[in-house]
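Below you'll find the structure, written out as structure tokens, and then a few comments.
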Amino acid sequence: MSVSARAFTMGCAGIELTADERAFIKDARPWGLILFKRNVEARRQLLRLTSQFRELCGRADAPVLIDQEGGRVQRMGPPVWRAYPPAAAYVSGSTLSGADPGALVHLGARLIARDLLEAGITVDCLPVLDVPSPGSHDIVGDRAYSNEPAVVASLGRAACEGLIRGGVLPVIKHVPGHGRAASDSHLELPRVDAPLDSLRNSDFLPFRVLAALPGIAPMAMSAHVIYSAVDPDRPATVSPVVVDKIIRGEIGFDGLLMSDDLSMRALSGSFSEKTEALFAAGLDLALHCSGDLKEAAEVASSSPWLDGVRASRAERALALISGPAEALDSVEASARLDAGLAIGA
């Protein structure tokens, strides 16, 4: 990485960078920028925004992230971009059409990647590898591919491969698994009291499968969830035990590990305290999404420079999309996706 970056990703307030945001980016040197609906208006507007961010960073490959899953979590949508289905629809739609659900997930990811890359967005926080359990909060719900861990792993792999072939990096989430949480971590801290063997056989499995595949899952996002069987006091994001023993150990994930949003209410303390805690736990990147520059300044001041093993992981991830994306006939691919999902049938 020729120009230094700090190990955090920031949000911005609107559809263009303000003077204060431009000055902050130049001074704080964030690794990446994450976009939300408040930042999205049109293709050219997004391309201007993402290009300006990279110019200010001084890094042509500075990552721009977004949560473009489909269904409820879709920052870019109609009338400018097509509406994508939630993850669960790939299985239900293929049941009606007789199509291969993995092929449909791959195709959907290729189409999403094309939309993103046209706008200068190079990282998608997809796929969701969480496995829902009975009684869990619907914050995951149809964002999950299935309640069967092996199916989640298989379709998650298809999504990762589709994004990478389309020139976009995937982020597997929310490691080591948010599917059992009985509350929404945006609002409060969930606690999962399942035995460790149950977690291993279900929640951890999709992450473990993808972590073992070279070049498939270069990045992961942590869960703001307590797993009492591993660490009864701290959520995964700030738990050295969960990070070392489970995520890096049992799951075997050696890619770039970033936090979920530090603005979520599941984490307590000041933004400086939360940032220091996640790096002490062994995460590689902090994620701050709100666009509040006062908060972002605390995150920036508490984030280390991206160097050493963190830099190696970041470089390894970015190398996966350093070449041109595979060509795609988006009209034909979109028609195939609709047919496979039994849309209009």
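Each value in this text was obtained by applying a stated rule to the coordinates, not by laboratory testing. Remember, it's a predicted structure, so these values are computed and weren't measured experimentally. Backbone-built Cβ (ideal geometry, glycine too); neighbour counts: all protein chains shown.
Which shape class applies to segment 6-340: rounded if a/c is under 1.5, otherwise prolate when a/b exceeds b/c and oblate if not, where a ≥ b ≥ c are the square roots of the Cα gyration tensor eigenvalues? Oblate. Residue exposure proxy: R22, R38, R59, ordered by other Cβ atoms within 10 angstrom of their Cβ from fewest to most, comes out as R38, R22, R59. Per residue of the chain, the DSSP helices (runs of n ≥ 4 H) give a summed -39500 (n - 2.57) that works out to -11000 deg cm²/dmol at 222 nm. A simple spin-label model places pseudo-atoms 7 Å from Cα toward Cβ; at R248 and A150 they are separated by 3.2 nm. The count of lysine pairs in the chain with alpha-carbon distances below 29 Å, taking only pairs 8 or more places apart or on different chains, stands at 11.
Computed about the Cα centre, the dipole magnitude for segment 6-340 is approximately 500 debye when only Lys and Arg (+1) and Asp and Glu (-1) carry charge, each at its Cβ.
Summarising the overall dimensions of segment 150-269 from its C-alpha atoms, the Rg and Dmax are 13.8, 41 angstrom.
Overall, segment 1-139 carries a charge dipole of about 360 debye about its Cα centre when +1 sits on the Cβ of Lys and Arg and -1 on the Cβ of Asp and Glu, all other atoms neutral.
Taking A236, A87, A13 in turn, the Gaussian network model of the chain (Cα-Cα springs below 10 Å) assigns the largest fluctuation to A13.
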